[in-house]
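Comments concern the structure below.
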Amino acid sequence: MSQIEETALRRDWMSLLAKAPAARLAALAPDLPAHELLRAPEIGAVMLEGRVGGTGNRFNLGEMTVTRCSVRLGDAVGHAWVQGRDRDHARRAAVLDALMQGEQAARIEAQVMAPLRAEAQARRGTRAEKAAATRVEFFTMLRGEDQ
């Protein structure tokens, strides 16, 4: 696997861990292995940027509170940035990031990541159904004098 593919995979699982509901992540991975804190969970803020029309000039949208954490687990270093002030969520996500880089990746994928991925997909489907229910279709009728 190329470095680019590995980076994309890690980006995807880190995103999944960060966006997972904290209580669900704790239920799926209740016991954390012994780990060394490189950066204890700390709360801060990041500036969110937007783009005009999605692709145009950048502008500052506002700030968001985040909690970050870094851990060492054997040879692997795990990092996490999660929205909000949940220190436990950040630590758990960082430990799981480290575990996904080692020998236990297949077990973590099956026990934690696969259920989280399925639940995230279900949430996206529900959100899409709600949006589709409010869809309005516009049409123009041809008037006689326009011919």
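Every number in this text was worked out from the coordinates using simple rules, so none of it is lab data. Predicted model only: the values in this text are computed from it and were never measured. Using ideal geometry, Cβ is built from the backbone for each residue, glycine included, and neighbour counts are taken over all protein chains shown.
Tabulated data
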quantity: Net charge of neighbours whose Cβ lies under 14 Å from the Cβ of residue 111, counting Lys and Arg as +1 and Asp and Glu as -1; calculated: +1
quantity: Calculated from backbone phi, Karplus (6.51, -1.76, 1.60) coupling profile of region 33-43 in Hz, x at Gly/Pro; calculated: x, 4, 8, 9, 7, 8, 9, 4, x, 9, 9
quantity: Ordering of 95-107, 55-67 by packing [mean C-beta count within 10 Å, highest first]; calculated: 95-107, 55-67
quantity: Net charge of neighbours whose Cβ lies under 9 Å from the Cβ of residue 32, counting Lys and Arg as +1 and Asp and Glu as -1; calculated: +1
quantity: Charge tally in the Cβ shell below 14 Å around residue 60, where Lys, Arg are +1 and Asp, Glu are -1, residue 60 excluded; calculated: 0
quantity: Overall form of region 3-121 per C-alpha gyration tensor (a/c, 1.5; a/b vs b/c); calculated: prolate
quantity: Average Cα contact separation per residue, the chain, under 8 Å, 6 or more apart, as relative contact order %; calculated: 21
